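**Q** Before we start, here is the structure in question, set down as structure tokens.
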Amino acid sequence: MAALLKPGGKIYITQTFQRRALPGMSVVKPLMKYCTTIDFGQLVFEPEAVGFVERAGMELVDNLVVPRSVDNALQVARLIVARPKRR
């Protein structure tokens, strides 16, 4: 994605991240697509997402809780803003 940005461009990621996983959720969540029309994907924890950004050669600009959204002991909705590292 970084290669498609204009100079000074940023990437915005909104995602609900797990703070803690309930036992068995890492197995149940991917299987939910067979019971619903939604593919909820894998459990993703916030440190993993920050790691994805860093390994992609990007720098983290912001990492904020989305106001009036999911924010509890198990999960949190976040807005992560990244940009290519300055050379």
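The values are calculated or read from the model by the stated rules, or taken from the named source; none is laboratory data. In this text the structure is predicted, and so the values were computed from the model without any measurement. Neighbour counts run over all protein chains shown; Cβ positions are idealised from the backbone, glycine included.
**Q** Out of all the residues in region 1-56, which are assigned to a loop (DSSP other than H, G, I, E, B) and of a type in the set (Val, Ile, Thr)?
**A** Listed by number, the residues that qualify are 36, 37, 38, 44.
**Q** Is at least one residue of region 28-45 surrounded by 12 or more Cβ atoms within 10 Å (Cβ to Cβ), small (Gly, Ala, Ser) and out of contact with any Phe, Trp or Tyr (no Cβ under 6 Å at 6 or more places or on another chain)?
**A** no
**Q** Take residue 83 and tell me if it is surrounded by 14 or more Cβ atoms within 10 Å (Cβ to Cβ), over 12 Å from the mean Cα position of the chain (by Cα) and outside any loop (DSSP other than H, G, I, E, B).
**A** Here the answer is yes, as residue 83 does meet what is asked.
**Q** Can you pull out every residue in region 2-20 that is of a type in the set (A, V, I, L, M) and free of Cβ contacts under 8 Å to residues at least 24 places away in the same chain?
**A** Listed by number, the residues that qualify are 3, 4.
**Q** Another question, then. Quick one: in region 46-87, of everything that is without any contact (Cβ under 8 Å) to a residue 60 or more places away in the chain and touching an Asp or Glu at 6+ places or on another chain (Cβ under 9 Å), which residue is nearest to residue 17 (Cα to Cα)?
**A** 65
**Q** Among the residues of region 33-40, are any aliphatic (A, V, I, L, M) and touching a residue at least 24 places away in the same chain (Cβ under 8 Å)?
**A** No.
**Q** Determine if region 59-68 includes at least one residue that is basic (Lys, Arg), at pLDDT 85 or above and in a loop (DSSP other than H, G, I, E, B).
**A** Yes, region 59-68 has at least one match.
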